[in-house]
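See below for the structure under consideration.
The values are calculated or read from the model by the stated rules, or taken from the named source; none is laboratory data. None of these values were measured; they are calculated from a predicted model. So basically every Cβ, Gly included, is an ideal-geometry build from the backbone, and we count neighbours across all protein chains shown. Please note that ligands, DNA and RNA were not included when accessible areas were found on the heavy atoms of the full protein model with its side chains. Shrake-Rupley method; radii C 1.70, N 1.55, O 1.52, S 1.80 Å.
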Amino acid sequence: MLSKKSQYAFKALSYLVEKRNDGPILISEIAEHKKIPLKFLENILLELKKAEILDSKKGKGGGYFLKENPENVTLAKIIRLVNGPIAMLPCVSLNFYEKCDDCNEDHCGLHDVLIEVRDASLNILESKTLMDLVD
């Protein structure tokens, strides 16, 4: 399940994609139009800036804007950045792998099924970009 933080990140990013030709966008404008709590949004945008997906400009005419081309930013990248693993169990995660304490991966049916789920999800999330979030 996507966290509220991930949902807000996607809402903010979709707004910035829609407004990408309008110059920097104020945080308050994004928060108001997408109904995102301002303090929560500030933290999300800072994370996206640190990851170099966004950039910002200070002063008059300032705000946030896309640094990376939205056609090159996959939904999987945003989920991993904001939410963490895409996989439902740590033992099937590609980037956040952890062995389960009480499981033998070689003989675990749940492990095998969730690898298929992970692969199917990744197939979609790696092929969809921020541009797919806008009409």
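Structure values in brief
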read-out: Which numbered condition Cys103 fails, given (1) within 30 Å of Leu46 (Cβ to Cβ); (2) in contact with a His (Cβ under 8 Å, 6 or more places away or on another chain); value: (1)
read-out: Residue among Pro24, Pro70 that is in contact with a Phe, Trp or Tyr (Cβ under 6 Å, 6 or more places away or on another chain) and open to solvent by less than 50 Å² (accessible area, probe 1.4 Å); value: Pro24
read-out: Verdict on Leu16 being open to solvent by less than 60 Å² (accessible area, probe 1.4 Å), modelled with pLDDT of 95 or more and under 16 Å from Gly62 (Cα atoms); value: yes
read-out: Close pairs from the stretch 93-106: first surrounded by 12 or more Cβ atoms within 10 Å (Cβ to Cβ) and among the aliphatic types (A, V, I, L, M), partner outside any loop (DSSP other than H, G, I, E, B) and at pLDDT 80 or above, Cβ under 9 Å, at least 6 apart; value: Leu94/Arg118; Leu94/Leu122
read-out: In the stretch 107-135, the residues that are among the hydrophobic types (A, V, I, L, M, F, W, C), under 25 Å from the mean Cα position of the chain (by Cα) and either open to solvent by less than 40 Å² (accessible area, probe 1.4 Å) or farther than 30 Å from Glu68 by Cα (or both); value: Val113, Leu114, Ile115, Leu122, Leu125, Leu130, Val134
read-out: Search result, residues across the stretch 64-77 that are assigned to a strand (DSSP E or B) and over 12 Å from Arg20 (Cβ atoms); value: Thr74
read-out: Qualifying positions in the stretch 93-124 - part of a helix (DSSP H, G or I), under 26 Å from Tyr8 (Cα atoms) and of a type outside the set (Gly, Ala, Ser); value: Val117, Arg118, Asp119, Leu122, Asn123, Ile124
read-out: Test for Lys57: is it in contact with a Phe, Trp or Tyr (Cβ under 9 Å, 6 or more places away or on another chain), more than 19 Å from Leu2 (Cα to Cα), charged (D, E, K, R) and open to solvent by 80 Å² or more (accessible area, probe 1.4 Å); value: yes
read-out: Residues that are loosely packed, with under 14 Cβ neighbours inside 10 Å and part of a loop (DSSP other than H, G, I, E, B), drawn from the stretch 27-54; value: Lys35, Pro37, Glu52
